[in-house]
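The values are calculated or read from the model by the stated rules, or taken from the named source; none is laboratory data. Treat the numbers as computed from the prediction; the structure is a model and nothing was measured. A quick note on method: Cβ atoms are made from the backbone with ideal geometry, for glycine too, and the neighbour counts reach across all protein chains shown. Quick note on the areas: whole protein, heavy atoms, side chains included, nothing else; ligands and nucleic acids left out. Shrake-Rupley method; radii C 1.70, N 1.55, O 1.52, S 1.80 Å.
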Amino acid sequence: MKKILEVFINAVKIPDLRQKIIFTAIILIVFRVFAHLPIPGVNTIALKRLFNSNQLLGLLDIFSGGTLANFSVMALGLNPYINASIILQLLTMVFPRLEELSKEGEFGRAKINQYTRFLTVPLAALQAIGMYAILKSQNIIGVLSPLTLIAMILTMTAGCLLLMWLGELISENGVGNGISLLIFVGIVGRLPVAFGQTLSVLTEEKIINALIFSVFALFVIAAIVLVNEGTRQITVYYAKRIRGNRLYGGQTTHLPLRVNQAGVIPIIFAVSLILLPSMFGRYLEQLPNAQIANFARSFVQVFDPGGLVYNVTYFILVIGFTYFYTAVTFNPTKIADEMRKYGGFIPGVRPGVPTSNYLNFILTRITLAGAVFLGVIAVLPSLARNITNVASLTIGGTGILIVVSVVLETTKVLESQIVMRRYDKFLE
């Protein structure tokens, strides 16, 4: 905590970093303002009561930053955008044209981001229709005229696109990953509500359970920090080279491979996907066909957030997305080529393809440890709920995982910016 405060204070002292921090804060304030602008025609009191009694909807609300319980113009949150990103990244591995784009540097990434935005629109509209069907079935919202329904769908879709734009503004002109920061601020804004709900229903028996859960939370925080900071140092030697009358190279350095290379992204991706079956099941429950409705009810029961199928699927998704995102962000072949280009080599490993295979070998094994850890931490709050019977803190525990990871990642971004500016000032 002390280090985080020191990094923030040092960042504020640098003028351009101070401007980035202020810009990020303004965008986050705008987000929270829009999060409390409700769409008319919804019984918000009954809606909050429903969200407090339904764990699935509670999870949706915590990851939308409380915008769903208020049924604000940003009620959809960032789920459509995240789902669109997942789809595009999967398609990149299938279609050669998209794979070529992903390798074309800044231009390729900008093009894929544009496709992601286009795909977000229909996904947001579809999710808005599903949300209306769920609320209508619970008598939270009445039957709307076609024009009013279209206006509501367009409003929710526009709110999702606005939130996506705010996240991209932070990533481009602010500090850290904009999407992660928006989710972080939403969770932090909802944590006091979750703790308040817990305190209001605590009995003498549950006080001990709440204390046990608090110990779990502290253990989770310490474990997340330990794993996120853990790295495997690969020793790299650079051979001496003579160019003209100068001698280059001859130094030794280290290539750090993080245990958790993907950060918090696998959790965000996994949560976005694991909630989809239950949402579609709730929608299909309202269909007039009795067979489909009964199948949907049984499907929803199987994917109950406290059930075995839900937690096992969640665990597997976290592991899968950890490997997937690590493969997207870390390219052993490219790193091996760069090392060979500048005369670098790993002791006992030949340059080129053997170096790439060695890095891939090491990365696969340390990523397994990080992926399993993330999967265990992701399902641990649900297990703790079953043990302590404190439901509201389960949502808070899931949020802690993202909160701690985002704080660590943002701190590292600020720290790297500070070092870079001090280095530039030294060169001047």
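Points worth noting:
- In a fully extended conformation the segment linking GLN251 and PHE34 would gain 72.8 nm over its present Cα-Cα distance, using 0.36 nm per residue.
- Residue-count net charge about ILE26 - beta-carbon cut-off 12 Å; Lys, Arg +1, Asp, Glu -1: +2
- Relative to one another, the C-alpha centroids of region 152-166 and region 338-359 are positioned 47 Å apart.
- Full-stretch length increase - PHE107, LEU149 - with 0.36 nm per residue and alpha-carbon distance subtracted: 11.3 nm
- Additional length obtainable on full extension of the chain from PHE295 to SER416, 0.36 nm per residue less Cα span: 38.3 nm
- Cross-link pairs beyond the 30 Å C-alpha cut-off, checked among LYS103/LYS412; LYS111/LYS334; LYS334/LYS412; LYS341/LYS412; LYS13/LYS334; LYS103/LYS341: LYS13/LYS334
- Along its principal axes, region 81-177 has C-alpha extents of 50, 33, 21 angstrom, given from the largest down.
- Computed E for TRP165/PHE8 - FRET, C-beta separation, R0 22 angstrom, nearest 0.05: 0.25
- Taking all protein chains together and a 1.4 Å probe, the residues ARG350, ARG340 rank ARG350, ARG340 from largest to smallest accessible area.
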